[in-house]
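The values are calculated or read from the model by the stated rules, or taken from the named source; none is laboratory data. For clarity, every value in this text was computed on a predicted model and none was experimentally measured. Note: ideal-geometry Cβ built from the backbone for every residue, glycine included; neighbour counts use all protein chains shown. Accessible surface is based on the protein model in full, side chains and every heavy atom, while ligands, DNA and RNA are left aside. Shrake-Rupley method; radii C 1.70, N 1.55, O 1.52, S 1.80 Å.
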Amino acid sequence: MQNVRSLFLALTGITIFAALALLTVSLTLAIGGILTVCLVGRALSMRLKPAPIRAKANRQREMHIWNDGRGTIIDL
């Protein structure tokens, strides 16, 4: 009887350990898959959006002033 009880406890322990290991692996794969989908989606969305172009002021130009007949134009 003691032998049967020891065998039952050992099998129960192994079963619980295997179930927890399977749960850990499945959760790891699920979280990894979700992160992969998020990263791929982010990479594709960044590729589809054009990068903003920054306008730079040309500081080396001189100020131009002229009269077109309707008024004085000052081009800074």
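Placing unit charges on the Cβ atoms only, positive for Lys and Arg and negative for Asp and Glu, gives the chain a dipole magnitude near 80 debye about its Cα centre.
What FRET efficiency do you get for Met46 and Asp75 if R0 is 25 Å and r is their Cβ-Cβ distance, rounded to the nearest 0.05? Provide the component values of the computation, followed by the final result.
Working: r = 38 Å, r/R0 = 1.53.
Efficiency, rounded to the nearest 0.05: 0.05.
Count neighbours as other Cβ atoms within 10 Å of each site's Cβ, and list the trypsin sites (Lys or Arg not before Pro) in the chain that are DSSP loop with at most 14 such neighbours.
Values: sites: Arg5, Arg42, Arg47, Arg54, Lys56, Arg59, Arg61, Arg70; in loops: Arg54, Lys56, Arg59, Arg61, Arg70.
Those satisfying the criteria are Arg54, Lys56, Arg59, Arg61, Arg70.
Dividing the summed helix terms, -39500 (n - 2.57) for each DSSP H run of n ≥ 4, by the number of residues in the chain produces a 222 nm estimate of -23000 deg cm²/dmol to the nearest 500. Size of the stretch 1-51: Rg and Dmax of its alpha carbons, in Å, are 22.1, 76.
If you rank Ile34, Ile73 by how much accessible surface each has, with a 1.4 Å probe, what is the order from largest down?
Highest to lowest solvent-accessible surface, that is Ile34, Ile73.
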